[in-house]
1. So which aspartates and glutamates pass the test for K66, namely a Cα distance under 19 Å, with those fewer than 8 places away in the same chain ruled out?
2. Which of S36, S103, S21 has the fewest other C-beta atoms within 10 Å, and how do the rest follow up to the most?
3. Computed from the mean reciprocal separation of all distinct C-alpha pairs, what Kirkwood hydrodynamic radius does the stretch 6-128 have, in Å?
4. If you stretched the chain out fully between L99 and I79, how much longer would it get, using 0.36 nm times the residue separation minus the C-alpha to C-alpha distance?
5. Order of 104-111, 80-87 by packing, highest average Cβ count within 10 Å first?
6. Tell me the volume per residue, in Å³, of the convex hull enclosing the alpha carbons of the stretch 17-86.
7. Starting from 0.36 nm per residue, how many nanometres of slack lie between W118 and I25 once their C-alpha separation is accounted for?
8. 7 Å from Cα along Cα→Cβ at both A70 and E56: what's the point-to-point distance in nm?
Amino acid sequence: MKETKISDIERINIVVLVIGSILAIVVMREFKYVFSFAVASAIMTLNFRFIKKIIEGGLLKPEGKKVELAIKLPIKFFILIALVAIVVIYGDIDVVFFLIGLSTVFISVVINQFSSLWNPALKRRQKNGA
């Protein structure tokens with residue numbers, strides 16, 4: 001696996017959100033499916049960004065406090081669960097498209113890792129010094 005920047009995954013995640021929403025509207029031709037995918041994908045994108053900010057503040061900065069990390073991560077998790085529950089209970093969603101939307105961060109990580117295979121071998125050697 002290659003080392004990657006979190007911003008690369010965020011960028012790919014936004015692209016997956018846009019392309020997935022366009023595909024949902026083109027294929028299904030109903031707003032319910034686009035809404036299900038887009039809301040779930042947006043929730044996961046925001047969740048990923050909040051995790052990034054919490055970890056940067058708690059671990060990477062020298063003045064970061066571990067106690068704040070222990071408090072903020074569970075709070076963020078409960079907010080995520082509450083958002084998903086509210087959308088599932090009160091929203092008119094399609095469960096399959098909602099679950100696909102929830103998996104967009106995973107899809108972005110996989111795409112990011114496979115992108116190293118698409119780089120020419122010469123570029124990989126230059127980056128790795130081999």
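1. List returned: E56.
2. Ranking S36, S103, S21 by Cβ neighbours within 10 Å, fewest first, gives S103, S21, S36.
3. Averaging 1/r across every pair of different Cα atoms and inverting gives 16.2 Å.
4. 5.4 nm
5. Working: 104-111: 17.4, 80-87: 13.5.
Listed from highest to lowest mean packing, they are 104-111, 80-87.
6. Details: hull volume 4.6 nm³, N = 70.
Taking only Cα atoms, the stretch 17-86 has a hull volume of 66 Å³ per residue.
7. Working: separation 93, 0.36 × 93 = 33.48 nm, distance 2.91 nm.
Extra length available between W118 and I25 comes to 30.6 nm.
8. Simple spin-label model gives 2.5 nm for this pair.
Bear in mind that the values in this text are calculations on the coordinates, not laboratory data. Being a predicted model, the structure only gives us computed values, none of them experimental. Positions of Cβ are generated from backbone atoms using ideal geometry, with glycine treated the same way; all protein chains shown enter the neighbour counts.
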